[in-house]
Amino acid sequence: MSGTPNTRTHNTRLPNTRIRAALFTVPLVAVGVLGTAAAPAGATTSPAARSLTCRGESVNPQALVRYRTETVIHAPLRTIWRLQTDVERWPSWQDAVTTAERLDHGPFREGSAFRWTTPVPPNPTPATSLEITSTVEQLKRHSCIRWTGPAVGEGLRIDGVHVWNFTRVRGGVRVSTEETHTGAEVEADVPAATKLLRQGLEAWLHDLKTAAEAPTHNRPH
């Protein structure tokens with residue numbers, strides 16, 4: 001996602017069925033990843049906690065749709081970081097990511113941008129996929145990432161801010177993530193949008209944990 005979140009991209013309020021169908025696959029991600037996966041073992045939420053930050057910047061404090069969760073991944077930090085920042089390989093371990101491409105070259109860093117897509121299942125809306133363009137606003141290697149940008153589909157736009165924190169703990173790494181969404185469509189039904197964001201973020205953590213802890217990745221370094 002790129003730029004400052006726009007809270008009123010469209011004035012049309014969509015029916016709940018349209019919101020649910022469109023949001024169900026936004027991984028920002030954004031609604032995050034397909035939301036049917038169970039939360040990773042040990043995943044917890046901290047709804048009352050202070051927002052996550054990266055280099056002093058947090059999610060959108062005015063956003064009505066927000067969610068935060070975390071889990072411990074039993075794998076080396078370098079493995080987790082590589083999986084998360086090698087965005088062009090996301091489709092290999094995230095089922096909900098169809099394509100992903102870097103829009104710049106070199107190390108993943110502040111200013112890096114990437115475009116990725118996720119399918120929308122059969123639904124009453126014209127949208128068949130969502131395209132997300134994300135820009136890294138803040139980054140500290142092996143510590144945190146904050147990116148922003150829009151997810152756009154036919155008749156839908158969500159502006160999101162997504163923060164990730166990585167903290168070494170006994171036996172692995174605690175990965176914490178928080179995301180906010182703004183836009184007329186999601187604000188038309190905040191509880192439904194929040195539920196779908198929760199499912200998406202927990203699915204993302206589940207996939208990241210599964211990939212990082214796989215025998216091919218989880219080897220001593």
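The values are calculated or read from the model by the stated rules, or taken from the named source; none is laboratory data. Quantities reported herein were computed from a predicted structural model and do not represent experimental measurements. Side chains are part of the model used for accessible areas, which takes the heavy atoms of the whole protein and leaves out ligands, DNA and RNA. Shrake-Rupley method; radii C 1.70, N 1.55, O 1.52, S 1.80 Å.
Rounded to the nearest whole Å², what accessible area per residue is found for the range 62-221 with the 1.4 Å probe? All intermediate terms of the calculation are to be shown ahead of the outcome.
Working: 6570 Å² over 160 residues.
In whole numbers, the range 62-221 has 41 Å² accessible per residue.
What's the carbon and sulfur percent of the range 167-221's accessible surface, probe 1.4 angstrom, rounded to a whole number? Please list the in-between numbers first.
Numbers: 1140 of 2220 Å².
Accessible surface attributable to carbon and sulfur in the range 167-221 totals 51 percent.
At 1.4 Å probe size, what's the solvent-accessible area of ASP95? Round to the nearest 10 Å².
140
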